[in-house]
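This report refers to the structure that appears directly beneath it.
The values are calculated or read from the model by the stated rules, or taken from the named source; none is laboratory data. All figures in this text were calculated on a predicted structure; none of them were measured in a lab. Cβ sites come from the backbone with ideal geometry, for glycine too, and all protein chains shown count toward neighbours.
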Amino acid sequence: MAKKPKNKRRDFLQLSTVTLGAVGTAAFIWPFLKSMSPAEDTLAAGSTEVDISAIEEGQSITIKWRGKPVFIKKRTKEEIDAAKMVQASDLRDPQDDADRVQKEEWLVLVGVCTHLGCVPLGQKVSDMKGEYDGWYCPCHGSHYDTSGRIRKGPAPKNLDVPPYTFLNDNTIKIG
Amino acid sequence: MDKNRKVHQFKNPVLNWIEFRLPIISYFKKEYGDYPMPKNCNYFWSFGALATITLVTMIVSGIFLAMNYTPHTDMAFDSVERIMRDVNYGWLMRYIHSNGAAFFFIIVYIHIVRAMYFGSYKYPRELNWILGVFIFLLMMATSFLGYTLPWGQMSYWGATVITNLFSAIPFIGEGLKTWLLGDYNVGNATLNRFFALHYVLPFVIFGVVGLHVAAVHVHGSNNPDGIDIKTNNDSVNFFPYMLIKDTVAMCAFGVAISAVIFFGPNLMAEVDNYIPADPLVTPAHIVPNWYLAPFYAILRAVPDKLGGVLLMFGAIVILFVLPWLDRSKVRSCNYRPIYKWFMMGFFVNFFALGYVGMLPAEGLYLLIARVGLLYYFGFFFIITPFVGWIEKPSKLPLSISDVYAKNIAPNIGGGEKGIPSPAMQKDTNL
């Protein structure tokens, strides 16, 4: 419907008032939404140094980093070979073993299944290790290989590799 | 203000004083006193009242639990144990609250079954059904949040699994999950906000229940024959008839829930939740509360993360559009010879999904879950529209009092047989 010219000024005032109100409301809501994001102290959760001198070949330890379990495994020759033999292109989340380790006998992983966040089994000798002899998530049946890559089951991605550095031969700094 | 507003007159001057300023007395008299209920309503129609009473019980017991509960990861588990051992009647409050949640779902599931079987979701009660599904969603969210609070192993890992569902959303999923948790994994920030939300959501539910009841009172309650009230002969006043009937139902319900609270308070609890939360060890089987298990079974039946999440939420969202998927004008399944059996099959299937949802997702259980998933969605997308189209419904009764004339008291009154009643004509010409 065509407006009479004398209404134009009123329309403009109405529209700009409503717009300003909407922007103001949004600006008011933003701090409340943002307050639910991780707080500064959570973000600042630091790094962890781990002494790995006592870990035997084939053994794996679990440490806690930023509230999550991290697996540090000293792999055996067979496990390294099994991980290297796989063609990356055959995998759901293609990645070569060499891209997932700094020193090939040391595998460092975030021990959280990429499906729905359970901790996979495989750290203890008695644990189920899954069909690829790495880790097996009991929640929904994801199988990971000796490089922590997803091979079977519902998980979409390989187990994450956290940022870490070797401070010396016996110490890893995670984070 | 309308100066000519007609004010109800009561005998009691105090009531008149209030009524003149706030017409709440006449509102209650109209909605809960003289409100006409179809006289053929059976005990299925008591479950709305039972659900309301249970909601109030949950809110009251929850408030008293909150007086002794500490929402901190280091203290939550111990504070719950303290409630159980040291707080006077703390064990009773907690068992009322934990078993009350389970019974709340039992009641609401029966209430939903009632609405589905007797077609209460159809014209003109669609909005009422939508509000009901919304209440159901809020209940699921509230129970999930509450299940996290005792901070046992199932609490922790249930919260982890459910919040990780959001990470399946492409692009924004991870960020959304972190925002919801307030941390990169379930932690103290999560427990704090879950407690705050668990406290507030029941009041939101209470508000939506108010709308739900107000909406049903506009067109009146449905009934087992799914036909409208025609005359005063078809209905009875809510007070005292339905109130007394609901009270009888409430007594039976009280006996049932008391039996569980006092003699088997942990029947529906998971043993693992009596182990304090440990972020480094996942329990061998993570199981949801049984009342959410059918949806969990759907999640696990799909071998794809995003697909499973979409179908699980889809299984609830689909309920919203049921009034438009069902093309039949006949409400009650009692008069739908074909659909009736598919409907019962739907209930059995839902139960079966819940059963396998509590078991490991492998072998036969996984197969059952997949078949159940197909039937669940097939029921809504194929069976419901298609059967409504081909089915020839059986003859509807002339009126509600006519049902009585034929079945219950053949010697008292009753309408002519064989003549289509106004009820029937109205129902088929909508």
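Of note:
- Scanning region A:132-175 for residues that are closer than 18 Å to A:Ser89 by Cα, more than 16 Å from the chain's Cα centre (by Cα) and surrounded by fewer than 19 Cβ atoms within 10 Å (Cβ to Cβ) turns up just one, A:Lys152.
- Of the helices (runs of 4 or more DSSP H) contained entirely in region B:6-119, those carrying at least 3 residues that are farther than 24 Å from B:Met140 by Cβ fall at B:13-21, B:24-28, B:76-85, B:90-117.
- In summary, A:Val161 fulfils each of the numbered conditions (1) touching a residue at least 24 places away in the same chain (Cβ under 8 Å); (2) within 24 Å of B:Pro283 (Cβ to Cβ); (3) touching a Leu at 6+ places or on another chain (Cβ under 9 Å) with the single exception of condition (2).
- Residue tally, condition over 21 Å from B:Leu138 (Cα atoms) and away from every other protein chain (no Cβ under 12 Å), over region B:170-207: 2
- Note on region A:1-94: enclosed strands (runs of 3 or more DSSP E) holding 2 or more residues that are within 14 Å of another protein chain (Cβ to nearest Cβ), modelled with pLDDT under 90 and within 30 Å of A:Ile174 (Cβ to Cβ) are A:60-65.
- Filter result (farther than 17 Å from B:Trp157 by Cβ, in contact with a helix residue (DSSP H, G or I) (Cβ under 8 Å, 6 or more places away or on another chain) and small (Gly, Ala, Ser)) within region A:66-125: A:Ala83, A:Ala98
- Residue in region B:145-161 that is assigned to a loop (DSSP other than H, G, I, E, B), in contact (Cβ under 8 Å) with a residue 24 or more places away in the chain and in contact with a strand residue (DSSP E or B) (Cβ under 8 Å, 6 or more places away or on another chain) present: yes
- Any hit, region B:90-100, residues being exposed (fewer than 15 other Cβ atoms within 10 Å of the Cβ), touching a residue at least 40 places away in the same chain (Cβ under 8 Å) and either within 23 Å of B:Gly132 (Cα to Cα) or of a type in the set (Asp, Glu) (or both): no
- Inter-residue pairs, beta-carbon under 6 Å, first more than 14 Å from chain A (Cβ to nearest Cβ) and in region B:305-317, second crowded, with 16+ Cβ neighbours inside 10 Å, 6+ apart: B:Ala315/B:Phe295; B:Ala315/B:Ile298
- Screening B:Ile286, B:Ile227, B:Ile261, B:Ile275 for residues that are touching a Cys at 6+ places or on another chain (Cβ under 7 Å) and farther than 18 Å from B:Ser46 by Cβ leaves exactly one candidate, B:Ile286.
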